[in-house]
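Participant: Shown below is the structure under consideration.
Derivation of every value follows stated rules applied to the coordinates shown; laboratory data play no part. Quantities reported herein were computed from a predicted structural model and do not represent experimental measurements. Here the Cβ positions follow ideal geometry from the backbone for every residue, glycine too, while neighbour counts run over all protein chains shown.
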Amino acid sequence: MKSPLPGCLGKRRPRLLWPLLLLSPVLLLLIAAALALQSQALVTPDGSGLSPEQIQSTKDFLRRNDPRRQEAGPQRLLRIDEGQLNLMLMQLAQRYGRGRGAAQIQLLAGSARLQASFPLPLLGAWLNLEAQLGQTAALPRVERLRLGHLPLPAWLANPALRRLIASLALPTQAQVAGELVETLAFLPQELQLGYHWQADSMDHVLGALWTPAERERAQAYSRRLAELSANLAPGSSVSLALLMPPMFELVRARSEGADADPVAENRSALLTLALFSTGQHWSKLLPSARSWPQPLPRRVTLAGREDFPQHFLVSAVLALEGSGPLADAIGVYKEVADSRGGSGFSFNDIAADRAGTRFGLLAKDAPRSLQTLIRAGLHELDFMPGVADLPEFLSAEAFQQRYGGLDAAPYRQMMAEIEARIDALPLLQQAATHKL
């Protein structure tokens with residue numbers, strides 16, 4: 001047998017290299033993913049979740065620094081101490097991390113070190129981010145970025161971080177923020193943000209929060225609610241159980257088709273109802289809505305009370321936004337605040353919050369199933385548990401004496417009873433069983 005000519009061998013080798021060249025990008029991606037993903041969180045999430053005191057701190061800070069409450073003048077300077085900034089970062093990370101994300105920042109002179117951890121449940125891993133930010137004459141520059149054990153060079157880190165920010169916020173929102181913010185300075189344990197504010201800035205900001213598709217949806221449901229409210233006598237009340245089916249008839253119709261977004265339709269309809277139940281309308285959130293036909297004011301009730309629909313619907317909208325744990329925390333926060341000088345701590349309000357949160361999560365996880373069931377007709381006890389026997393209007397002293405605080409066994413036992421009642425709600429059971 002003749003041995004192959006050397007020229008023949010030379011011609012075969014390139015063909016053998018092609019599979020390796022095609023596989024190399026895949027191998028590089030696999031190696032990068034193995035380096036980026038880790039088994040443990042870099043920043044440990046707080047297992048106890050947000051406390052009422054933390055929510056109160058953030059609310060107070062935002063209220064104090066509301067641009068509309070500041071002294072006249074377009075040039076503004078916002079000072080944020082490191083502790084307050086970390087609290088807000090943690091709340092933001094928990095929202096995007098489904099209650100398990102965590103983030104923290106260390107502020108130094110001219111630089112900052114940011115760390116964040118987000119769970120990836122399907123992979124059983126964590127995405128850990130470490131960024132070193134440097135102060136510039138305008139917005140900060142990423143000097144170093146590391147994803148897990150994978151370092152990214154500065155020339156790649158800045159566009160990568162911009163893409164990450166763009167994936168978390170609407171481009172119009174980022175554009176408006178860029179128009180308002182002029183400087184951002186790092187000081188030891190303090191962030192200073194310089195921005196300008198005009199009389200129409202709030203309308204500009206609110207208008208940027210909504211995409212054209214969201215504005216169209218909001219207008220459709222506002223128009224439908226205006227029609228429904230016009231059919232009710234002035235000064236009359238209507239049960240939420242009677243108001244939701246005709247609203248969700250439109251929701252279901254708009255959710256047909258391959259390009260429809262049933263979750264977005266659910267969110268817009270529930271937000272429209274939440275605004276209506278609190279005596280507000282879309283113009284509160286969307287300046288262009290001032291020209292829409294406005295729903296006539298009517299009392300929305302559950303179990304004959306006006307506060308229950310407000311608790312239920314606001315919690316549902318919060319849960320739909322991907323912040324179920326945040327909705328829980330806000331509900332508890334309100335009741336603790338009430339016990340310290342308001343109407344008092346009420347477990348029936350907590351039950352309405354929790355029922356609304358579970359409803360909102362189903363509106364996200366089983367959107368079409370929920371639409372079909374609601375459109376068929378509702379009874380209040382289908383989605384809101386009986387709560388007439390639950391304690392309410394407890395002062396801070398009475399609550400502490402009877403239940404021992406939010407970490408005590410009597411309080412946890414009462415919460416377990418509320419959860420059991422919600423588990424038994426017919427609408428939630430049917431929607432979870434028959435997902436469409």
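Participant: Which FRET efficiency value, to the nearest 0.05, is calculated for SER283 and LEU139 with the Förster distance at 35 angstrom and r the Cβ-Cβ distance?
Facilitator: Computed FRET efficiency for SER283 and LEU139: 0.60.
Participant: Taking 0.36 nm per residue of sequence separation and subtracting the Cα-Cα distance, how much length would be gained by fully extending the chain between ALA409 and ARG79, in nm to one decimal?
Facilitator: The ALA409-ARG79 span can extend by a further 114.7 nm.
Participant: On the principal axes of its Cα set, how long, how wide and how thick is region 231-314? Give whole Å, largest value first.
Facilitator: The Cα atoms of region 231-314 stretch 40, 29, 25 Å along their principal axes.
Participant: If you don't mind, there's one more thing I want to ask. Taking R0 as 41 Å, what's the FRET efficiency between GLU397 and GLN429 from their Cβ-Cβ distance, rounded to 0.05?
Facilitator: Computed FRET efficiency for GLU397 and GLN429: 0.60.
Participant: A further question on this structure: If I model a spin label as a point 7 Å beyond the Cα along the Cα-Cβ vector, how far apart are those points for TRP155 and VAL181 in nm?
Facilitator: Between TRP155 and VAL181, the label points sit 2.6 nm apart.
Participant: Moving to a separate point now. Run the simple label-point estimate for GLU53 and ALA230 please: 7 Å along Cα→C-beta, distance reported in nm.
Facilitator: Spacing of the two 7 Å Cα→Cβ label points: 5.3 nm.
Participant: Take each of the peptides 272-279, 307-314, 405-412, average the number of other beta-carbon atoms within 10 Å over its residues, and list them starting from the highest.
Facilitator: Sorting 272-279, 307-314, 405-412 by mean packing, highest first, produces 307-314, 272-279, 405-412.
Participant: Take the Cβ-Cβ distance between HIS196 and ALA416 as r, set R0 to 60 Å, and report the resulting FRET efficiency rounded to the nearest 0.05.
Facilitator: 0.70
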